[in-house]
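Here the structure is laid out as structure tokens; the discussion comes afterwards.
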Amino acid sequence: FAQDFSAYHADAAKDVRVEIPDTGVSIGELNRYLQGWLGHETHVSGELVRTPSGLSLTVRYGDQPGMTLDGADLKSLVEKSAEAVFRAGQPLRFADYLSSHGRTAQGRAVAEAETRTGDNAHRAQAYVSLGVNDYWTGDSRAMAADGGMAVRLDPDNGLAWYILEAFSNNLDHEEENFRVTQTMLRLAKEGKLTSQNADVARLMPAEFQSILDLLKGDFQGAIENCKADMTGRLGNCAAVSLSSIYGSAHDLAGARFLLTQSPARRSNGTVNADLIFAKVQVDLLAGDYANAVNASKQGEQASSSPALSLDRDVFLRPFEAEAMARTGDIAGGRKIAAATPDDCDTCQRARGRVEMLARNWSAAAHWFAIVSKRTPSIPLADSDWGMMLMAKGDLNGAIAKFDSANQKGPHFADPLEMWGEALIAKNRSDLALAKFAEAEKYAPKWGRLHLKWGEALLWSGDKNGAAKQFAAARSLYLTSPETRECAKLCDKS
């Protein structure tokens, strides 16, 4: 939302310099000041006069009754009267202005008053302003209620859908996020979603498609869509967000490079918690579990404020819990995972992954089943469930889950690759080859994929093909266990 609030900032270079004559001042100066601030023609009238106690400024907006302010400081009088005109002429934009300038209680009061006046379109926009207020106060659950009311009142209100998307993303409600983003993509293509910035408006479809790609496990597709935004102007395509996307696509070299392109501190001097969260995810995907745990401790410190507590619970702790479990600290991983929200899908899957590492198969299946049921369009839980079943030794059950994940997300490389591994374990390397070839389209820089592909070719009798895949694996990132596995296999070709 911040990009849309730029219109409400006064330009200090255009501040009015008013010389006060003995008897008053031309209201034209004040009118030009207001036009410069509000950004459109606003007809005002009134006068400024000296009084025995100082100054008296009267301002009238259109044919509304005038408002008189008394005081000794002209700047303060002009600012207060300008806000009064702003409130009279554009109450909802004024509410957004208040919310974005730290005056959230005042902004909420103005917006709430407007929810009780006007037609449904106006009331919907008032609920959007309440959603903006929720954004600035960090209340994602209130965003759900206010955004939902706005959509019910006016289903074509694009900003209302923004409120819902932000809510579903911040709380990690994957199915809701998928449904809302589909609607936003349609509205953007129909020209019903706009922005003051032409570049942002042009890139909206790519941004929304990249979100849908992520939810479907198509990380390479998300990367391609973000290439339309070379400036990182859209949040999902900024370097810090892209680093974890590259990691999920198993391009660890690209992920770590992008981490170096993100500032360690924000413009206000505070630690960039998002960068630390991304580093934890990349380290976890790279198999650097001890480093992931250490980075998690930094992330906990950087997100200790109440305003960042939800981000910490949703975007840090699920990965912190798994990293701890993978270092052998199952109890610590369980404790961290248990503290995450029950309605967060990534959090519930993290609970399942911790139990998988503890070889507590029934508990792991319990968590994966919960998420799978409530995210029928999303392949992530079924992929995790299949990984657990394969670790348990239930290869047929694992393949069934990988098949389900593939149907939900046909461009998701992970279930395809693991399906290939399950087929190798069933002595059907010949069938595994097609799965690896398909997975390679969506994760071309995955070292493990090429390693296992080479293994399948080796057992199928194609030593030349195996040698090519082993060479590719060696040129890409391999974890320490994968490097040791390659040392045993890669020279056999």
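Quick notes on this structure:
- If the condition is being open to solvent by 10 Å² or more (accessible area, probe 1.4 Å) and either aliphatic (A, V, I, L, M) or within 21 Å of Gly409 (Cβ to Cβ) (or both), then region 338-347 contributes Ala338, Ala339, Thr346.
- Any chance Asp462 is open to solvent by 70 Å² or more (accessible area, probe 1.4 Å) and either over 15 Å from Glu440 (Cα atoms) or at pLDDT below 95 (or both): no
- From the list Ala422, Ala405, Ala467, the lone residue that is in contact with a Ser or Thr (Cβ under 9 Å, 6 or more places away or on another chain) and under 30 Å from Ala290 (Cβ atoms) is Ala405.
- Filter result (assigned to a helix (DSSP H, G or I) and free of Cβ contacts under 8 Å to residues at least 24 places away in the same chain) within region 335-347: Lys335, Ile336, Ala337, Ala338
- Against the conditions (1) open to solvent by 30 Å² or more (accessible area, probe 1.4 Å); (2) closer than 24 Å to Ser480 by Cα, Pro318 satisfies every one except (1).
- Unique residue being without any contact (Cβ under 8 Å) to a residue 24 or more places away in the chain, out of contact with any Pro (no Cβ under 8 Å at 6 or more places or on another chain) and surrounded by fewer than 16 Cβ atoms within 10 Å (Cβ to Cβ) when the list is Gly332, Gly328: Gly328
- Residue check, Ala365 farther than 18 Å from Val293 by Cα and modelled with pLDDT of 95 or more: yes
- Residue list for region 404-418, restricted to those being open to solvent by less than 10 Å² (accessible area, probe 1.4 Å) and closer than 16 Å to Val371 by Cα: Ala405, Gly409
- Here region 242-275 is the region considered, the condition is being of a type in the set (Ser, Thr, Tyr) and open to solvent by less than 20 Å² (accessible area, probe 1.4 Å), and the residue that is modelled with the highest pLDDT is Ser243.
- For region 472-493, a residue qualifies if it is within 40 Å of the chain's Cα centre (by Cα), of a type outside the set (A, V, I, L, M) and in a helix (DSSP H, G or I), and the qualifying residues are Arg474, Ser475, Ser480, Pro481, Glu482, Thr483, Arg484, Glu485, Cys486.
- Every residue from region 349-378 that is open to solvent by less than 60 Å² (accessible area, probe 1.4 Å), within 20 Å of Ile211 (Cβ to Cβ) and outside any loop (DSSP other than H, G, I, E, B): Arg349, Val371
- The residue that is modelled with the highest pLDDT, among those in region 216-241 that are over 16 Å from Lys441 (Cα atoms) and open to solvent by less than 20 Å² (accessible area, probe 1.4 Å), is Cys226.
- If you go through region 276-307 and keep only what is charged (D, E, K, R) and open to solvent by less than 20 Å² (accessible area, probe 1.4 Å), you end up with just Asp283.
- Residue match in region 396-415 (condition: over 17 Å from Leu214 (Cβ atoms), among the basic types (Lys, Arg) and not in a helix (DSSP H, G or I)): no
- Within region 141-182, the set of residues being closer than 18 Å to Gln348 by Cβ and assigned to a loop (DSSP other than H, G, I, E, B) comprises Leu171, Asp172, His173.
- Filter result (under 19 Å from Glu320 (Cβ atoms) and under 23 Å from the mean Cα position of the chain (by Cα)) within region 353-390: Arg353, Val371, Leu380, Asp384
- Residue among Ala145, Ala105, Ala113, Ala124 that is open to solvent by less than 20 Å² (accessible area, probe 1.4 Å), modelled with pLDDT of 85 or more and among the hydrophobic types (A, V, I, L, M, F, W, C): Ala124
- Region 422-435, residues that are part of a helix (DSSP H, G or I) and either open to solvent by 30 Å² or more (accessible area, probe 1.4 Å) or free of Cβ contacts under 8 Å to residues at least 24 places away in the same chain (or both): Ala425, Asp430, Leu431, Leu433, Ala434, Lys435
- Meets criteria (open to solvent by less than 20 Å² (accessible area, probe 1.4 Å), under 16 Å from Ser168 (Cα atoms), modelled with pLDDT under 90 and not basic (Lys, Arg)) for Met204: no
- Flag for His173 being under 18 Å from the mean Cα position of the chain (by Cα) and open to solvent by 20 Å² or more (accessible area, probe 1.4 Å): yes
The values are calculated or read from the model by the stated rules, or taken from the named source; none is laboratory data. Just so it is clear, the structure is predicted and the values come from calculations on it, not from any experiment. In this analysis, Cβ positions are derived from the backbone assuming ideal geometry, glycine residues included, and neighbour counts consider all displayed protein chains. In case anyone asks, the SASA skips ligands and DNA or RNA and just uses the protein heavy atoms, side chains included. Shrake-Rupley method; radii C 1.70, N 1.55, O 1.52, S 1.80 Å.
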